[in-house]
Amino acid sequence: MSEAAQLDARRDGDMAEAMGAAFERAWLSLCASGHRLSAQQACDARVTLARAILDCGRRGERDPNRLSEYALEALMLPALRGVKLLPEL
């Protein structure tokens, strides 16, 4: 394997680790928020978080904190538009 290929593989591994950490951070933050989610809402929320993290990662973001924040913001955007995804406390 060439040196460039090794660098790419290491970078991909680092990115996967950052995205995994961001997802866990975002999910734990949502769970700690006190919202009670049905099984379907939890599934939908996890998909939304994952898609947002992937989207942000594709645009070059590597920081797990920022990836997590972006994902949580993406989850809340429909609520700002008047669409209720999460039950009120």
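The values are calculated or read from the model by the stated rules, or taken from the named source; none is laboratory data. Small disclaimer: the values here were computed from a predicted structure and weren't measured. Cβ placement follows ideal geometry from the backbone for every residue including glycine, while neighbour counts extend to all protein chains displayed.
So which of Ala26, Ala45, Ala71 is part of a helix (DSSP H, G or I), hydrophobic (A, V, I, L, M, F, W, C), over 8 Å from the mean Cα position of the chain (by Cα) and surrounded by 13 or more Cβ atoms within 10 Å (Cβ to Cβ)? If you could, list the steps in order and put the result at the bottom.
Numbers: Ala26 fails: over 8 Å from the mean Cα position of the chain (by Cα); Ala71 fails: over 8 Å from the mean Cα position of the chain (by Cα).
After applying the criteria, what remains is Ala45.
Any residue at all in the stretch 40-47 that's at pLDDT below 95 and of a type in the set (Gly, Ala, Ser)?
Checked the stretch 40-47: at least one residue is at pLDDT below 95 and of a type in the set (Gly, Ala, Ser).
Which residue out of Arg62, Arg11 is modelled with pLDDT of 90 or more, surrounded by fewer than 17 Cβ atoms within 10 Å (Cβ to Cβ) and among the basic types (Lys, Arg)?
Details: Arg11 fails: modelled with pLDDT of 90 or more.
Being modelled with pLDDT of 90 or more, surrounded by fewer than 17 Cβ atoms within 10 Å (Cβ to Cβ) and among the basic types (Lys, Arg) holds for just one of Arg62, Arg11, which is Arg62.
Filtering the stretch 29-42 down to residues that are part of a helix (DSSP H, G or I) and not small (Gly, Ala, Ser), which residue is surrounded by the fewest Cβ atoms within 10 Å (Cβ to Cβ)? Step through it out loud before you land on a result.
Here is the first cut: in the stretch 29-42, the ones part of a helix (DSSP H, G or I) are 29-32, 39-42.
Retained after the next criterion (residues that are not small (Gly, Ala, Ser)): 30-31, 40-41.
Values: Leu30: 20, Cys31: 12, Gln40: 8, Gln41: 14.
Among residues in the stretch 29-42 that are part of a helix (DSSP H, G or I) and not small (Gly, Ala, Ser), the one surrounded by the fewest Cβ atoms within 10 Å (Cβ to Cβ) is Gln40.
May I ask you to list the residues in the stretch 17-37 that are modelled with pLDDT of 90 or more and touching a helix residue (DSSP H, G or I) at 6+ places or on another chain (Cβ under 7 Å)?
If the condition is that a residue be modelled with pLDDT of 90 or more and touching a helix residue (DSSP H, G or I) at 6+ places or on another chain (Cβ under 7 Å), then Ala18, Met19, Ala21, Ala22, Phe23, Arg25, Ala26, Trp27, Ser29, Leu30 are the ones that fit.
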